[in-house]
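Q: I'd like to ask some things about the structure below.
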Amino acid sequence: MTWLTRTPGGIDVERRPYGVANCGRTWTVPGAAPRVTLHTTESRRGSIDAVLNLWDQAERNGTLTVPHFTIDAGPRRIVQHRDMLGPACALEGCGDGRASTNGVPNVQVEICGYATESPGWSDDDLAFIGDWLAAVRAGGFDVPLASPVTFYSDRNAPYVLASYSSPNRIGAAAWYGTAGVIGHQHVPCNAHWDPGGVNVGRILYHAALALGGPTNGKELTVADIKIITDQIAALSAQVAQMQSTLGGWMQGERIYDGLVPVKTADDPRQFLVVIVPGKGYARVHLTGEAKGVLQKQQTIQAGVGGFDGGHPVDFVTLTDPAQVAWFKSLPVL
Ligand SMILES: [Zn+2]
């Protein structure tokens, strides 16, 4: 029996077990891959009390189709109704025996909100859901922090989602092997399209963070990769900033700091050697006008070429054949 008490983010998990469960006490296909199915209650964020009243009423009527959890990002409440390592009953069954929908390891959560609005859920709310997901994983349900499916909203779906034959549904043959986070809209033999186009990538990202790190030591998940690519992007931005100092030019023994106009003996044009982030060295043709502006800004150095008849020479003429060849090989921007 697994009942959660507290999430990694510090939210206490309330316990409200229900007596009626028409989907049995144990998984019928326990060897199937672990997955989590997201639902939306189709009531507003903050409506958890009304939703729980509805479950109570259904329990009294004997018609309760209960999920494992009902959660609400408004009051930040998480309520557990069923043993996490056994079935919940919020999915329609296949009837014809093609596949068991509730009988596979499948932790189901009803999130208070509307499927039409889920693409706009705030990152704070997605972090709350990620924290819940992290608690489920930490509680012993070994769902990978990944999603094998596309969460469509009613705004961008290429076809009707709320249909038994929606192409977005996982086929009965693939169902037992499906691991990770999915939505009601992906479940075979069902017609609902909740939870809509929720940003599952952010939920996974926050779940990985809540579990204390980007990797689980075994495999990279979608969330891991998201975290790593974010870190690389931040590093690249830093490097680009460092490299935007024009003219940081180094080749062989010669190092010029700052902007140094450079030319060759056989070409009257002067160039600045620059580093283009991600591409490498290039040269920029320096017109007389541009050079004047840069000199006034004291962006380019004067006198770097020594003195000629008492006048500072503010460019360098390359003479070393290897340097000349390298210089000429650079693309001109
Ligand atoms: Zn649903």
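Every number in this text was worked out from the coordinates using simple rules, so none of it is lab data. None of these values were measured; they are calculated from a predicted model. Every residue, glycine among them, receives a Cβ derived from its backbone with ideal geometry; neighbour counts consider all protein chains shown.
Q: Going by C-beta contacts inside 10 Å, put Leu91, Leu52 in order with the fewest on the left.
A: By the 10 Å Cβ count, ascending, the order reads Leu52, Leu91.
Q: Residue separation times 0.36 nm, minus the C-alpha to C-alpha distance between Glu117 and Thr287: what's the value?
A: 55.7 nm
Q: Sort Leu318, Leu145 so the one with the fewest other Cβ atoms within 10 Å of its own Cβ comes first.
A: Working: Leu318 18, Leu145 26.
Lowest to highest Cβ neighbour count: Leu318, Leu145.
Q: Let me ask something additional. Tell me the net charge near Val29. Cut-off is 13 Å between Cβ atoms, Val29 excluded, with +1 for each Lys or Arg and -1 for each Asp or Glu.
A: +2
Q: Given R₀ = 45 Å, what would the calculated FRET efficiency be for Tyr176 paired with Arg155, taking r from the Cβ atoms and rounding to 0.05?
A: In this case the efficiency is close to 0.90.
Q: At Arg6 and Thr28, where each label point lies 7 Å from the Cα along Cα→Cβ, what is the point-to-point distance in nanometres?
A: 3.9 nm
Q: So how much slack lies between Arg16 and Lys279, counting 0.36 nm per residue of separation and subtracting their Cα-Cα distance, in nm?
A: Values: separation 263, 0.36 × 263 = 94.68 nm, distance 5.92 nm.
Taking 0.36 nm per residue and subtracting the Cα distance, the gain is 88.8 nm.
Q: Using a simple spin-label model with points 7 Å from Cα along the Cα→Cβ vector, what separation in nm is obtained for Asp142 and Asn199?
A: Label-label distance for Asp142 and Asn199, simple model: 3.2 nm.
Q: Using the Karplus curve 6.51 cos²θ - 1.76 cosθ + 1.60 with θ = phi - 60°, work out ³J(HN,Hα) for each residue of region 151-165 in order, rounded to whole Hz, and write x for Gly and Pro.
A: Calculated HN-Hα couplings, in order: 8, 8, 9, 5, 7, 10, 5, x, 7, 6, 7, 7, 8, 4, 9 Hz.
Q: I need Cys23, Cys94 ordered by Cβ neighbour count within 10 Å, fewest first.
A: Going from sparsest to densest Cβ surroundings: Cys94, Cys23.
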